[in-house]
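Asker: Input: one structure, supplied below.
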Amino acid sequence: VPPYTIVYFPTRGRCEALRMLLADQDQSWKEEVVTKESWLQGPLKASCLYGQLPKFQDGDLTLYQSNAILRHLGRSFGLYGTDEREAALVDMVNDGLEDLRRRSARAGDKAQYVQELPAHLKPFETLLSQNQGGQAFIVGDQISFADYNLLDLLLNHQVLVPGCLDPFPLLSAYVARLSARPKLKAFLASPEHVNRPIFGSRKI
């Protein structure tokens, strides 16, 4: 039985970065898919610490909050930088990604969101340019949990806002480079990933 269980809605949402990380680290996990109907019935929601999903099981450890889960897996698999300095930068990147994720989830006016998107992507192009000329990862020379989160957001935006990475050659190359990692490539081509919608019923 896999030690990990993801309890979440049938979407990519806030769990696809976790799934990418686990797949790339050659881990298996169990999915417990929660339908909107069962969620609205109430008992599961009432049982969740903050009344929200995802819920993540690592053996007898139950975690909520997607970024806490990412950081936990980052510590578990050595995906949190090589020292305290890199760990601080990884945290900074991930907090910036959280801002971008919240903006995309709240975007009511797609035209305005698309217009403002380059300004929100530019910091990540800058970070890449400052790390080995953009030829490595977002921090340091080994993958971190923030890379999976960034890759997930960039892949989603390429679907939602085609061409959005055209002004950002380093980010474009980064997506291609990370997506070519053998285990990630297999995951990204899997029916489970391909058939899962980015959001539920809502699109930006």
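Asker: Looking only at segment 87-102, count every residue that is surrounded by fewer than 17 Cβ atoms within 10 Å (Cβ to Cβ) and either among the acidic types (Asp, Glu) or in contact (Cβ under 8 Å) with a residue 40 or more places away in the chain (or both) and tell me the total.
Answerer: Residues flagged as surrounded by fewer than 17 Cβ atoms within 10 Å (Cβ to Cβ) and either among the acidic types (Asp, Glu) or in contact (Cβ under 8 Å) with a residue 40 or more places away in the chain (or both) within segment 87-102 amount to 3.
Asker: To continue, here is another question. Looking at segment 1-30, which of its residues are open to solvent by 40 Å² or more (accessible area, probe 1.4 Å), of a type outside the set (S, T, N, Q), touching a residue at least 40 places away in the same chain (Cβ under 8 Å) and out of contact with any Ser or Thr (no Cβ under 6 Å at 6 or more places or on another chain)?
Answerer: Matches in segment 1-30: PRO3, PHE9, PRO10, ASP26.
Asker: Of everything in segment 31-43, what is open to solvent by 50 Å² or more (accessible area, probe 1.4 Å) and in contact (Cβ under 8 Å) with a residue 24 or more places away in the chain? Give them in sequence order.
Answerer: Answer for segment 31-43, where residues must be open to solvent by 50 Å² or more (accessible area, probe 1.4 Å) and in contact (Cβ under 8 Å) with a residue 24 or more places away in the chain: GLU31, GLU32, VAL33, THR35, LYS36.
Asker: Can you tell me how many residues within segment 56-81 are open to solvent by 40 Å² or more (accessible area, probe 1.4 Å), outside any loop (DSSP other than H, G, I, E, B) and under 20 Å from ARG101 (Cβ atoms)?
Answerer: Number satisfying all stated conditions: 1.
Asker: Out of the residues in segment 122-160 meeting the condition of being in a helix (DSSP H, G or I) and among the β-branched types (Val, Ile, Thr), tell me which one is nearest to the chain's Cα centre (by Cα).
Answerer: VAL159
Asker: Taking into account only those residues within segment 140-167 that are open to solvent by less than 10 Å² (accessible area, probe 1.4 Å) and aliphatic (A, V, I, L, M), which is farthest from LEU100 (Cα to Cα)?
Answerer: LEU165
The values are calculated or read from the model by the stated rules, or taken from the named source; none is laboratory data. Note that the structure is predicted; figures quoted are calculated from it, not measured. Glycine gets a Cβ as well: all are built from the backbone with ideal geometry, and neighbour counts include every protein chain shown. Note: areas computed on protein heavy atoms with side chains; ligands, DNA, RNA excluded. Shrake-Rupley method; radii C 1.70, N 1.55, O 1.52, S 1.80 Å.
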